[in-house]
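Asks: Please read through the structure below; I'll follow up with questions.
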């Protein structure tokens with residue numbers, strides 16, 4: 001066992017034997033033997049692909065979409081209970097079901113992790129503990145005593161993240177004076193000014209605006225119990241934090257925060273009131289038709305609290321529909337547990353499922369693919385959103401990730417939806433062509449100055465938001481990433497724009513972003529396997545040959561990190577410790593598929609690495625055609641917020657097997 005960076009232990013999977021090792025230990029197989037092995041592998045792949053196809057088709061909703069559960073961590077469930085406590089809308093059934101889920105996720109040492117197999121995480125453990133106290137668990141119960149003892153060992157509540165301490169401040173368990181200040185007057189900063197709200201990524205922006213109201217109001221609802229057991233010293237729960245040197249960026253922003261605390265005491269009442277009303281208008285204008293905000297849970301929670309503090313009662317249409325939307329994030333389990341999804345991914349899941357089925361040989365005019373295309377076509381966004389602050393003249397044409405999120409279409413989803421639509425033989429080809437044209441125009445218009453693409457905004461690269469003391473909850477800006485850029489490049493090549501100068505700039509950016517190891521960083525999936533699995537198919541689609549030095553470096557890296565069992569896996573810890581964890585972890589179905597998709601795109605179909613990877617996929621498939629995958633292979637914020645997309649374990653293995661059998665992606669539409 002090897003000690004991890006957090007002091008826990010975790011086994012690092014050994015590197016796979018190198019090709020030279022294999023040659024030294026075995027006799028070179030004859031051509032006939034090699035052919036027999038490949039034929040046997042292909043036959044196993046055909047059987048597995050057929051089972052996986054039937055299984056995936058069975059999961060489609062009658063409306064045409066697919067959606068797997070989106071599993072994150074228990075802070076979603078804890079904050080849902082805290083919200084209900086704050087608003088006075090608790091009910092015994094929900095509380096008991098949430099408590100059941102949270103207890104089920106506790107580790108033997110009393111902690112809660114933020115991803116499967118990960119180390120205990122302080123803020124998640126604090127929030128889970130408080131939620132279980134709300135659910136009626138006694139502080140001296142063994143599982144609770146283990147949790148509180150561990151929390152104190154880690155520095156207590158004082159060492160938890162800002163968001164955790166905000167939730168505690170709502171009930172008087174923490175002092176508002178001991179939190180970073182976030183004034184609503186922030187909304188008045190023009191877009192050219194540093195730290196204006198459009199300097200933040202859209203997910204952070206949607207959360208910060210309502211929190212400016214909460215920060216200004218500083219509400220305290222009576223706490224139902226004390227939490228002295230979570231402090232190292234209950235008499236001094238918030239020990240002073242040392243100031244960084246004034247000449248450093250951290251020191252500068254710490255002093256800015258002190259100045260904002262002074263401003264809070266002298267803020268002009270009329271100005272502050274006007275700023276809070278402006279923030280409320282900003283929030284309400286961005287509420288979606290189903291009542292949610294951005295299709296994600298955290299902004300909805302804070303928006304409900306902020307508007308309630310401004311006098312909106314719970315029967316007001318804005319709050320009534322907002323609270324109803326939160327109920328749709330709940331997944332009820334057969335055992336009576338209730339899990340809260342951070343968001344839902346129907347557009348993403350549907351386009352990936354369509355690609356997988358088409359690449360696996362499902363006819364392009366199959367009724368279920370046509371139904372999926374119809375649903376995706378109806379979801380295209382035709383009105384401007386927050387992205388148009390930077391691109392006011394650009395016509396809309398993107399797709400979002402969620403059911404309802406017209407304000408924040410996603411560049412990544414848009415690229416993949418186009419790839420999916422072009423694999424379907426739709427009865428109205430002109431309708432598809434028009435939608436694709438709008439999407440291509442929008443994606444071209446969302447290219448950043450450096451040639452890459454971010455997920456939601458253009459040139460969202462300011463270095464300042466991440467410096468704020470308030471922003472310790474994960475990534476708060478949206479710079480271009482290799483995975484998103486690769487998907488856009490692949491889509492542009494697919495529609496015949498591989499030689500467009502803008503596409504070539506994207507390719508040049510990708511080549512420049514390759515790591516010395518040969519891999520690419522994965523922003524929205526874990527991690528170097530996702531980045532590399534995204535980039536190599538894009539380069540191949542754009543005409544970069546398999547002999548290109550960048551491609552050969554990537555192939556060598558993938559071969560080096562293949563596990564001894566033939567699969568590939570990468571732990572979330574690679575975001576913190578690249579040297580030891582990049583490309584390392586227990587084999588998973590989705591990550592093995594990403595590696596295979598990359599190697600197949602590089603022309604390695606007959607390689608030993610590909611054969612072993614395919615055999616791992618076929619050998620781990622369950623009888624019903626599915627794969628199991630408890631590991632988190634999706635990323636919200638690198639390291640800080642990890643995701644287990646439950647459909648990844650189905651769509652990516654089927655895509656990889658289909659490309660192995662068919663020689664590449666399915667034939668595209670006109």
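The values are calculated or read from the model by the stated rules, or taken from the named source; none is laboratory data. For clarity, every value in this text was computed on a predicted model and none was experimentally measured. We place every Cβ from the backbone using ideal geometry, glycine too, and count neighbours over all the protein chains shown.
Asks: Quick test for you: out of 604, 629, pick the one residue that is touching a strand residue (DSSP E or B) at 6+ places or on another chain (Cβ under 9 Å) and either over 21 Å from residue 481 (Cα atoms) or modelled with pLDDT of 95 or more (or both).
Replies: 629
Asks: Please go through the stretch 439-486 and pick out each residue that is farther than 17 Å from residue 520 by Cα and in a helix (DSSP H, G or I).
Replies: Correct list: 439, 440, 441, 442, 443, 444, 445, 465, 466, 467.
Asks: On to the next question. Given the criteria assigned by TED's automatic domain parsing to the domain that holds residue 207 and out of contact with any helix residue (DSSP H, G or I) (no Cβ under 8 Å at 6 or more places or on another chain), does residue 255 qualify?
Replies: yes
Asks: If you check residue 403 against the conditions, is it in contact with a helix residue (DSSP H, G or I) (Cβ under 9 Å, 6 or more places away or on another chain), assigned to a loop (DSSP other than H, G, I, E, B) and under 30 Å from residue 641 (Cα atoms)?
Replies: yes
Asks: Moving on to the next point. Residue 107 is checked against (1) in contact with a strand residue (DSSP E or B) (Cβ under 7 Å, 6 or more places away or on another chain); (2) crowded, with 23+ Cβ neighbours inside 10 Å and fails just one. What number does that condition carry?
Replies: (2)
Asks: Among the numbered criteria (1) touching a strand residue (DSSP E or B) at 6+ places or on another chain (Cβ under 9 Å); (2) surrounded by fewer than 24 Cβ atoms within 10 Å (Cβ to Cβ), which one does residue 591 miss?
Replies: So residue 591 meets the others, but not (2).
Asks: Does residue 150 satisfy being without any contact (Cβ under 8 Å) to a residue 60 or more places away in the chain, farther than 30 Å from residue 361 by Cβ and not assigned by TED's automatic domain parsing to the domain that holds residue 569?
Replies: Answer is yes for this residue.
Asks: Listed residues 51, 84; which is assigned by TED's automatic domain parsing to the domain that holds residue 141, modelled with pLDDT of 95 or more and in a helix (DSSP H, G or I)?
Replies: 84
Asks: When you scan the stretch 455-479, how many residues do you find that are touching a strand residue (DSSP E or B) at 6+ places or on another chain (Cβ under 9 Å), over 24 Å from residue 392 (Cα atoms) and crowded, with 20+ Cβ neighbours inside 10 Å?
Replies: Total meeting the criteria: 1.
Asks: Now for a separate question. In the stretch 424-438, which residues are in contact with a helix residue (DSSP H, G or I) (Cβ under 8 Å, 6 or more places away or on another chain) and assigned to a loop (DSSP other than H, G, I, E, B)?
Replies: Of everything in the stretch 424-438, those that are in contact with a helix residue (DSSP H, G or I) (Cβ under 8 Å, 6 or more places away or on another chain) and assigned to a loop (DSSP other than H, G, I, E, B) turn out to be 424, 425, 426, 427.
Asks: Scanning for something part of a strand (DSSP E or B), closer than 22 Å to residue 536 by Cα and in contact with a helix residue (DSSP H, G or I) (Cβ under 7 Å, 6 or more places away or on another chain), does the stretch 620-636 turn up at least one residue? Working first, answer last.
Replies: Filtering the stretch 620-636 down to residues part of a strand (DSSP E or B) leaves 634-636.
Narrowing the set further to residues that are closer than 22 Å to residue 536 by Cα leaves 634-635.
Then drop every residue that is not in contact with a helix residue (DSSP H, G or I) (Cβ under 7 Å, 6 or more places away or on another chain), which leaves 634.
Yes, the stretch 620-636 has at least one match.
Asks: Among the residues of the stretch 487-505, are any in contact with a helix residue (DSSP H, G or I) (Cβ under 8 Å, 6 or more places away or on another chain), surrounded by 22 or more Cβ atoms within 10 Å (Cβ to Cβ) and part of a strand (DSSP E or B)?
Replies: no
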